[in-house]
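Q: Next up is a structure, given as structure tokens.
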Amino acid sequence: MEWFKKNREGVAGGEKKEIPKGLWTKCESCGEIIFVRELEKNRWVCPKCNYHFRIRFSDYLELLTDPDTWKEYDRNITSADPLRFKDSKRYPDRIREARKKTSLTDAVVCGTGKIGGRAVSVAVMDFSFIGGSMGSVVGEKIARAIERALERKIPLIIVSCSGGARMQEGILSLMQMAKTSALLAQLQKKNLPFISVLTNPTTAGVMASYASLGDVIIAEPKALLGFAGPRVIAQTIGQELPPGFQSSEFFLEHGFVDMICERKELRRTINLLLEYFSGNGSPRA
Ligand SMILES: [Zn+2]
């Protein structure tokens, strides 16, 4: 016996209206429907609530470096599969798929360019490649970006966006934390500036190594920052955590981040800092 027959056509409002893809998008924070072209012009920042959408490495390079000055290095360093790791997929398959999807070879792009006419060594992470995770390739490329800064005596800028170490490479991923941190100590000895930019999200192994070792640490507004997830921390320390404790704003308040900088001000801010570090007087606001 049928008690109830679902009549789809009779439901008020009908089917959910689809937003045509590519033309309009919905703000992940405030829900505002925004014209994609307007969002693009606004550097992928919501005009209503200032939410910073996650952007690609290429957007940051375009935003930060002077036109026609970018030169990429170490594009062809590739991951091995030392643990023969398999979760839902084999690790080499996962890498192959990520490459196809993102046109990247791994989760960071490194090279040199100019900002305001000054030569800089730059590394930009990209979350779309396996969550921006740091395996031995990311570690090696970051290490080489630091070495380039050392060799050429130029400042280093790293834009981080990462879920942390890449579990598929086990302890080899964790070793990258020590490797990059040791090289950054050399940079410091030579008095070469390192500006670390934290974007949404910068967490775990990346946060606990190079991302938090900048001479100046800049964060984008409302980025998720931290080491472990809130539940793990709450269980470990047996205490309740204050609201919003893993945000850029909380980190600024507690001295972990030096400044929060909106994306549209990022280039100007870095430029001022580079001017300051170069010894050409104090930066103008
Ligand atoms: Zn919004």
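Q: With θ set to phi - 60° and the Karplus curve 6.51 cos²θ - 1.76 cosθ + 1.60, what are the ³J(HN,Hα) couplings of region 33-50 in order, to the nearest whole Hz, using x for Gly and Pro?
A: Coupling constants for region 33-50: 8, 10, 5, 4, 5, 5, 5, 4, 5, 8, 6, 6, 10, 4, x, 8, 10, 6 Hz.
Q: Also, quick follow-up: Would you compute, for the Cα atoms of region 127-285, the largest minus smallest coordinate along each principal axis and list the three values in descending order, in whole Å?
A: Cα spread of region 127-285 along its principal axes, largest to smallest: 49, 35, 28 Å.
Q: Using only Cα atoms and rounding to the nearest 10 degrees, what angle (0 to 90) does helix 171-189 make with the longest principal axis of the chain?
A: With rounding to tens, the tilt is 40 degrees.
Q: Given q = 0.11 Å⁻¹, what are the Debye log10 I(q)/I(0) values for the chain, with equal point scatterers placed on the Cα positions and solvent ignored?
A: Log10 I(q)/I(0), no solvent term: -0.70.
Q: Using only Cα atoms, find the angle between the long axis of helix 136-152 and the longest principal axis of the chain, and express it within 0 to 90 degrees, rounded to the nearest 10.
A: Between helix and principal axis, roughly 30 degrees.
Q: Further question: Relative to the longest principal axis of the chain, what angle (0 to 90°, nearest 10) does the C-alpha long axis of helix 263-277 take?
A: 10 degrees
Q: How many percent of DSSP beta bridges within the chain run antiparallel, rounded to 5?
A: Antiparallel bridges: around 45 percent, rounded to the nearest 5.
Q: Considering amide H positions built from the backbone, and no H for Pro or chain starts, which residues 5 or more places from residue 260, or on another chain, come under 5 Å of its amide H?
A: Amide H neighbours of residue 260: 219.
Q: Here is a further query. Could you work out the relative contact order of the chain? I mean the mean sequence separation of Cα pairs under 8 Å and 6+ apart, divided by the number of residues, in percent.
A: Taking the mean separation of contacting Cα pairs over the length of the chain, I get 12 percent.
Q: Determine the percent antiparallel among the DSSP beta bridges restricted to region 119-268, to the nearest 5.
A: 5 percent
Q: Using only helices, what value at 222 nm comes out for the chain when you add -39,500 (n - 2.57) per DSSP H run of length 4 or more and divide by the total residues, to the nearest 500 deg cm²/dmol?
A: Rounded to the nearest 500, it is -10000 deg cm²/dmol.
Q: Additional query: Quick one: which residues, 5+ away or cross-chain, put their amide H under 5 Å from the amide H of residue 115? H built at 1.01 Å from N.
A: Residues meeting the criterion, in which the H sits 1.01 Å from N, are 66, 120.
No lab work stands behind these numbers, since they all come straight from the coordinates. Quick caveat, the model's predicted, so the values are computed rather than measured.
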